[in-house]
Amino acid sequence: MDIIKGSVLDYPETPYVELLGRSYFSFLQGASSPEEMVLQAQELGYRGLALCDLNGLYGVVRAHRQAHHNSSFTSPSDFASSAQAKSFQLIVGSELKLKDGGSVALLPMNREGYTRLCQLITQVQRPSQKGFSLFHLELLAQHSDDLIALALPPWNMDELKFLHQQFHDRLYLALWRDLSWQSRQFEHQAFELERHLGLQLVATQRPFMHEAQRKPLFDVLTCSLHRVSLAEAKTRLLHNSERHLKPLRQLKQLWQDRPDLLERTLEIAQRICFSLDELKYQYPKAAVPPGFNSSSYLRDLVRRGTLWRFPQGPTAAVQSLIDKEMALIEELQYEDYFITLWDICQFARKQSILFQGRGSAANSVVCYVLGLTAVNPEQIDLLFERFISRERGEPPDIDIDFESDRREEVLQYVYKKYGADHAAMVCTVICFRTKMALREVALALGIDLKSVGKIVQSMGKEGLSALVQMNESNLQLSLSNWGITQTQFQLLIDLTRQMYGFPRHLGIHTGGFVITQRPLSECVPVEKSSMVDRYVVQWNKDDLESLKMMKIDLLGLGMLSALNKSFALLKEKRNCSLSLATIPPDDSKTYKMIQQAQTVGVFQIESRAQMSLLPRLLPKCFYDLVVEVAIVRPGPIQGGMVHPYIRRRHGLEPVHYAHPDLKPILSKTYGVPIFQEQIMQIASTVCGFTPGEADELRRLMSSSWKDASLMQGLRQRLINGMLQHGIQMEFAEQVYKTIVGFSSYGFPESHAASFALLTYASSYLKAHHPDVFVCALLNSQPMGFYSPRVLIAEAQRSGVPFLPLDVQHSDYDYALEGPAVRVGFRAIYGLNKKFIQQLIANRQRHGPFSSLENLVERIHWPKSALMHLASSGALACFGLSPRAALWKIRSMNLERESFFYTQSPVYEQGPDLLPQESEWESMHREYRAQGYSLSSHPIQILRPHFQSTKGSARHSLQGHNSLSIKKLRSGQPVTLIGLLASYQKPPTAKGFVFLTLEDEFGLFNVVLNPQIHLRFRQTLNANPLLKISGCIESHSSGLTHLKAKEVSPLLP
Amino acid sequence: MAEAFLQLSPQLQYRDPGFIFVDISSTTRLFGGEVSILKRARDLSQSLQLETSLAIADHPSTAQTLSVYQPSYISPPNRDSETLKPLPLAALNHLEGLISWSSTAEVQDADIREIVSFFNLVGLRQVGDVQKIPRESWHQQWGKTGEMLWRKIHGQDQQLISPYLPQETLLDSLHFDFSVSLRSFLLHSLEKRLQILLARLQGRGQLAQKLRLHLHCEYSQQQHFLEVHPALPTRDSEVLMKLLEHKLASIETSNPIQQVEFEILPVAERVEQLDFWQPRIKDQDRIKDLQGLLRQAEINSGFVQLKDEILPEESWQLSFDFMDYEPLEDQVHIDGQSFQIKPVHSQHLRSAPRPSLLLPTPKALSSKELRQLEFLSAQPTERLEESWWEISRGRDYYLALSSKGECLWIYHDRIEDRYYLHGYY
């Protein structure tokens, strides 16, 4: 880099702005990120860069962020580069392709031009399918003002004339020299046009990548675009790697005959007076009743809400918080935002849709009294700055969870209220993950699909590291198994790494909405999403946040659905009225169940890691649950907070603080930082950070942490701050390490508290109404950590009886029949919901079905659907075994136009020939039909076979199962058999893998160290039924797990 | 390869992927019974280093299934149905015989795999289990497909194997990953491949009149053409190898051989009777004759075929047959009124000016030769880079004037850092 900087100094007189930059947001037609393009341009000493991705402005915010990155923590050593960054001009633009192969790049000269560009892109993208465009030159007639046009070859004279008429002196012909005859031909043509028509020319490099080393990756992307291999790609590939950002010295040499064309880039840049900072977001005016303005109406809502939340009147502290928050909200003019959210929540409330705000919003009393969040400010300490900060100048971020089943109703309400021109969803950039990237690269390298499948299988869940860490002999063996060479393997790894994170296409954010006062397309291009009648903006949530645009997150949460369904079932079947607000607090039975880790199906504390912590933490009150939810996160785990917290909580080690000022912050968590707010408070209290800087620290901890210069700057700020507060260097380092350890991810206390409310509610329901709870959980699938199989087995073990599917009794959902749960039709795989609804409606209207023929005649289902039904055993009511029912349905004539519809076949000898179903076959059929069996567990059937086998395993298998091992002492060898229920390899666990296996008696945990996992990885990936030998490890808290030494498949 | 098995019977049929059906009903006695003919077929496979799986049955479909599930099994005459009984149900998938499922008219009512999976679902596991199901029931359930399967599992599927008349030329080639200088190794490698060609020749009932070899050397694109001409047409590999050994002795192998193409020019064992309607001389024959003459005069001839390649010498080839050239262009996909363009970045290369005389092998320039040239530009006129995923190639092309005033096309090999003369304008 020094050399390059040197060259800039040598040629200070060469001003250059690259006007046709392209990033990987041209989707498979660019090989560098916007940040890389900007950084390279800055380092090469360019005066600016225009990012002109194809048909969109997808990458401009990221480029803008990189170009004008300004942090409180920039270290002094980076002062020069940051000063350079300040003078660097990032130009917004887009290249629009024409059908004949030419294209036009448009650069807005001012805010009006930007609006026109957004509208134009919206106009050509919104009606088109993904990757397609509707652009034609005539469209420019309406949108050409305030835009500069760069016409790219090949040029068509008619098109040029049209462009000249529209753009006059704002039209330029772009030329590049990439050492090809073609560029020479274009150049020759351009010089002619300049001479005869007086058209203006400008130099560019037409860069598709920031550096030449990206050419291989660009070629792979080209192969992906055309769906060919590199060997087949031929002239589809670039013929050389000249299309990158070059040093100014080279540019000057390249254009020594026409230096004016380089200088013109600067002239054009100087004509452009627009930056994304100019975008002023205007939140839509909320509809307020007559006689009110937004401010007075919000105050009125808050007043009414306060009376609702605090019928006895708020405490002085709460009132003071409300006043403080309201003052800030009014100062920052966020009233409309709060009213809008309140309105959406009112809609949900009226429709009986359960919802709850979470995230930083739970730090706000105003949100609590408006009913947006449910965390009582008297229960936890709220840090309002975490939600809204004057210094930060960023819009508040409120996430609201709705019942996942009914979130669509809320989204439709927003669309209906604001209209598609003013409301659109935030996009999510779907990026190449390791496996997807590896597949693309492998196909480009000509590796056949079979081998790719084998390689992907070898990766397992660890990704590339599993391949890279192979020892030499294993690698050679694998290479010959995959049929690839060492060179191909190396290329595969290198290119996959490069491609990782590249955008593949745009998806819809799970619930992010942007709503604007003016039409949205004036601000950001809008395009079609893959869902019907859904539109997305071309920016993701980080982009919107960077530009300080407000978004609202309307998310779906399965547990809210399950809770609402539980409440409805309780009301209907048990005549018991219960709601989130009326669940009895501090229930001992509930906490006892939690302490015993019987939490399968419970919100947030059902994972293996959470369950193993519960008997050690022994939660006794709501705040313990808040800690429990927050502590099993990568942040606290990596920061080594878990064990000190537990030891201090149980008085096994003294609580001490690095500085007395930390005591008020950390006393409630025994001196151990667990929540994000605590980190921010430490930074404010003992490091001298302003609240805004503390918030920037929070954002850095989750996003830009890897930026080395920022890290250095941050370290200096933190250490200097602490030294100034009289903290010794040794302690200062310790606090810094704690913050770094916390960096990965941690919950804010308010967010953990919101979740803990749902944790408690779901625990209460499980403890007191297990049948209702499991029924509601099963009706809210897919959700949570465990499959219906595990949930049902767990409920059966706790005494909840289940009734099988029955075409005469089952509903679509699981239902309560007396004390039992009746399996619903939703359990059957691959059965259309509409068919089921039709069957149920028919049964309700015309009564029970008298026979199979009667059923078939009445519901008119296709044969395949009827066979699904027969396979599930739902036709047993007709006295038919599943096999006989299958045979009978297969034999039926079900062509509707036939006279013989549903008539039994003339030859019905088939069923007599069918063999009797064994217990294993019956279980197997049920697993295939619905994923579980009510009558038997596979391990239950297999266990007698294994007990009778000879060998060393026999002794340990006899009598040992998930229940009996709890009585064994630590270190005792044992072999267990089970069905894999969960498989986890947390990134924080240093390669350890945690399995949960299930047998007919319950669940048991297995731990594999990295070596054992590496040895048996293939077995684990390929077999759900496992035999695991190892030794018992038991903990004083009652926790027992099997430390695996050998894993083998249970069935050959 | 199927041709080699013609020696077992002239009635032979080949079907993708890799099935050869031979009707041995009329030749079994000739070979001493079914056991010996099976052994003969196995020996032939082994001599040709083929991994084969063989079986004998009354019907091609049964034989195919047995070759998968009971290799080397000989089903007793008229007992195909019994033979199939103990096989697993998945064997139904292999009952195709001469015609694959995809080309079978009857396989339209149901997919065979779907039938197998249904039987599995209702607990029927072996072919014998489903043989009990009456024909009418098969028809009822799966229409014509069911009827056809019923016939096949009951040994009632008659398929006739027609005589096979081979048309393909007797050509083969051999590429060495590591180039070969050792003549004995070269001969050894050739012998195996030659035996395959001779086996094909034997299957056809023909003899080798000539053996032609085209050897490509590793460096400088040097080539050798050899022709072995036995005194009498023969199929004796020993004779041909001996003659070949003599011929090989005459060439210099210090530039190692990387690839060999060889061809047998056959002659019939007996005089063929011409079809009355068959024209005596076709245009193609005339072209081949002309090409033969040119080859005798050591002139390489053919049609110039353009190719979409980056490097100039690879962007065309001589093709013996004329073929239409469809150049790669930008792909424009239309969806209603909207469109998507997938660019072909280097399509312009095919219209780039190329010298009228392109050297078949670029000539390396010494520093002395280089000093005598006058380069017309400091910047290269063209930069071509290619195949980084195999052996990276990168060239900067320049125009230069020789001392005689010739306009030369020079390139600088960026990998080797050497200059080459590639052509004359």
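Each reported figure results from applying straightforward, stated rules to the coordinates on display, with no laboratory input. Treat the numbers as computed from the prediction; the structure is a model and nothing was measured. Cβ: placed from backbone, ideal geometry, glycine included. Neighbour counts: every protein chain shown.
Observations, loosely collected:
- Helix A:1010-1022 and the long axis of chain A differ in direction by around 80°, with both axes built from C-alpha atoms.
- Between helix A:708-724 and chain A: long-axis angle, C-alpha atoms, 0 to 90°, nearest 10: 80 degrees
- Anchor A:LYS766: aspartates and glutamates whose Cα lies under 13 Å away (excluding residues fewer than 8 positions away in-chain): A:ASP587, A:GLU606, A:GLU794
- Residue among A:ALA203, A:ALA568, A:ALA752 farthest towards the positive dipole end of chain A, charges placed on Cβ: A:ALA568
- Measuring between their Cα centroids, the stretch A:797-846 and the stretch B:230-253 lie 82 Å from each other.
- Whichever aspartates and glutamates have a C-alpha closer than 19 Å to that of A:LYS565, once near sequence neighbours (fewer than 8 apart) are set aside: A:ASP401, A:GLU403, A:ASP405, A:GLU408, A:GLU409, A:ASP771, A:ASP811, A:ASP813, A:GLU817
- To the nearest ten degrees, helix A:449-459 and the longest principal axis of the Cα atoms of chain A are 70 degrees apart.
- Cα gyration tensor shape for the stretch B:171-272, rounded if a/c is under 1.5, else prolate or oblate: prolate
- Anisotropy class of the protein assembly as shown from Cα gyration tensor, a/c 1.5 cut: oblate
- Shielding of A:887-893 by partner chains, average beta-carbon count, 10 Å: 3
- Coil-residue GluC sites (Glu not before Pro) of the stretch B:111-175, DSSP, other Cβ within 10 Å capped at 11: B:GLU168
- Most tightly packed first, judged by the mean number of other beta-carbon atoms within 10 Å of their residues, the peptides B:185-192, A:598-605 read A:598-605, B:185-192.
- Taking a span of 24 Å or more along the helix axis (Cα atoms) and a mean Kyte-Doolittle hydropathy of at least -1.0 as the rule, the DSSP H helices of chain B that qualify are B:183-204.
- Averaged over B:324-337, number of beta-carbon atoms from partner chains that fall within 10 Å: 3
- Listed by chain and number, the aspartates and glutamates whose C-alpha is less than 17 Å from the C-alpha of B:LYS132, apart from same-chain residues fewer than 8 away, are A:GLU908, A:ASP912, B:ASP80, B:GLU82, B:GLU147.
- Filter on A:LYS215/A:LYS246; A:LYS966/A:LYS990; A:LYS130/B:LYS307 - keep pairs with C-alpha separation over 21 Å: A:LYS966/A:LYS990; A:LYS130/B:LYS307
- Sites A:ASN156 and B:SER377 - FRET efficiency at Förster radius 41 Å, r taken between beta-carbons, to 0.05: 0.85
- Peptides A:569-576, A:881-888 ranked from most to least packed by the mean count of surrounding Cβ atoms within 10 Å: A:881-888, A:569-576.
- Once you reduce the stretch A:635-685 and the stretch A:167-229 to the center of their Cα atoms, the two points are 59 Å from each other.
- When the Cα gyration tensor is reduced to axis lengths a ≥ b ≥ c, the ratio a/c is 1.5 or higher for the stretch B:282-343, and with a/b not above b/c it is classed as oblate.
- Exposure proxy ranking, count of Cβ atoms within 10 Å, fewest first, for B:ASP396, A:ASP277: A:ASP277, B:ASP396
- Relative contact order for the stretch B:356-424: 36 percent, from Cα pairs under 8 Å spaced at least 6 residues apart, divided by residue count.
- Positive-end residue of A:HIS868, A:PRO619, A:GLY419, charge dipole of chain A with Cβ unit charges: A:HIS868
- Peptide B:122-128 has a mean shielding of 5, counted as Cβ atoms of other protein chains within 10 Å of each residue's Cβ.
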